[in-house]
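Below is one structure, written out as structure tokens; comments come after it.
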């Protein structure tokens, strides 16, 4: 698929893409590349102290980027009927500017076919943050993404650009070290 090949080319050189996820359209990059993440903060005009999340293709990849994931996380993810982002208490192997000040990281296992295939081919997590300037509403469809955002990325995926079904952000839960959790959204 041309979109996968072009996205991989950009990601492998530390670039930034605009791509569909299982929720809203995202601005993304290699979640292990500090300079690419800095670019996303600049594109979004976002304070670097506000953490972004990462997307992975499954539990095996997830285990490479968090210190631990309690069984409750597995159960919650498997039973979720809507995309679920889990904030894990201790991140590892990710760019330091992606990780929150308290060491936590939000990660979602994606189900969207293109996104899952891209992450699997890339072999590393992708940063995902809504395709909007910080403080503005997230775009529910590709057509709502501003020209400023579109012009700032290195590649825009063509897949699902014509999808007019409004997207919703994921649910978010925060896991605690003792295995308990809090619902954030």
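At 0.36 nm per residue, minus the direct Cα-Cα distance, what do residue 146 and residue 111 gain on full extension? Give it in nm, one decimal, please. All intermediate terms of the calculation are to be shown ahead of the outcome.
Details: separation 35, 0.36 × 35 = 12.60 nm, distance 2.57 nm.
Stretched out fully, the residue 146 to residue 111 stretch lengthens by 10.0 nm.
Antiparallel DSSP bridges in segment 2-183: what percent, to the nearest 5? Display every interim value, and only then the final one.
Numbers: 17 of 27 bridges.
Once the DSSP bridges in segment 2-183 are tallied, antiparallel ones form about 65 percent.
Could you tell me the relative contact order of the chain? Use alpha-carbon pairs under 8 Å, at least six residues apart, and round to a whole percent. Don't jump to the answer; show the numbers that get you there.
Numbers: 371 pairs, mean separation 60.2, N = 185.
Relative contact order here is 33 percent.
Treating the angle as unsigned and between 0 and 90°, give the value, to the nearest 10°, between the Cα long axis of helix 34-44 and the longest Cα principal axis of the chain.
The helix 34-44 is inclined about 70 degrees to the chain.
For the residues 104, 180, 170, 128, what sequence is obtained by ranking on other C-beta atoms within 10 Å, fewest first?
On the way: 104 17, 180 10, 170 21, 128 29.
Least to most surrounded, the residues fall as 180, 104, 170, 128.
Between residue 49 and residue 93, what length comes free when the chain is fully extended (0.36 nm per residue of separation minus the Cα-Cα distance, one decimal in nm)? If you can, show how the numbers build up before the last one.
Numbers: separation 44, 0.36 × 44 = 15.84 nm, distance 1.88 nm.
Net length gain for the segment: 14.0 nm.
How much mean residue ellipticity at 222 nm does the chain get from its helices, if each DSSP H run of length 4 or more adds -39500 (n - 2.57) and you divide by all residues, to the nearest 500 deg cm²/dmol?
Helix-only estimate at 222 nm: -8000 deg cm²/dmol.
Could you please rank 114, 59, placing first whichever residue has the fewest other Cβ atoms within 10 Å of its Cβ? List each step's numbers first, then the result.
On the way: 114 20, 59 13.
If I rank by nearby Cβ atoms, fewest first, I get 59, 114.
Quick one: length gained pulling residue 158 to residue 182 fully straight, 0.36 nm per residue minus the C-alpha distance? Please list the in-between numbers first.
Values: separation 24, 0.36 × 24 = 8.64 nm, distance 3.64 nm.
Full extension of this stretch gives 5.0 nm more.
Between 15, 135, 26, where does the largest GNM mean-square fluctuation fall for the chain, given springs only between Cα atoms within less than 10 Å?
Looking only at 15, 135, 26, the largest GNM fluctuation is found for 135.
May I ask you to sort 49, 21, 34 by Cβ crowding, counting other Cβ atoms within 10 Å and putting the fewest first? Each step should come with its number before you reach the end.
Numbers: 49 9, 21 27, 34 14.
By the 10 Å Cβ count, ascending, the order reads 49, 34, 21.
Tilt of helix 113-122 relative to the longest C-alpha principal axis of the chain, in degrees (0 to 90, nearest 10)?
With rounding to tens, the tilt is 80 degrees.
Just want to confirm a number: the relative contact order over segment 1-95, from Cα pairs under 8 angstrom separated by 6+ residues, in percent.
About 23 percent, as a whole number.
So what's the angle, to the nearest 10 degrees on a 0 to 90 scale, between helix 2-12 and the longest Cα principal axis of the chain?
Taking the Cα atoms of the chain, the angle to 2-12 is about 70 degrees.
Computed from the coordinates by the stated procedures, all read-outs in this text should not be read as laboratory data. Source: prediction; values computed, not measured. Every residue, glycine among them, receives a Cβ derived from its backbone with ideal geometry; neighbour counts consider all protein chains shown.
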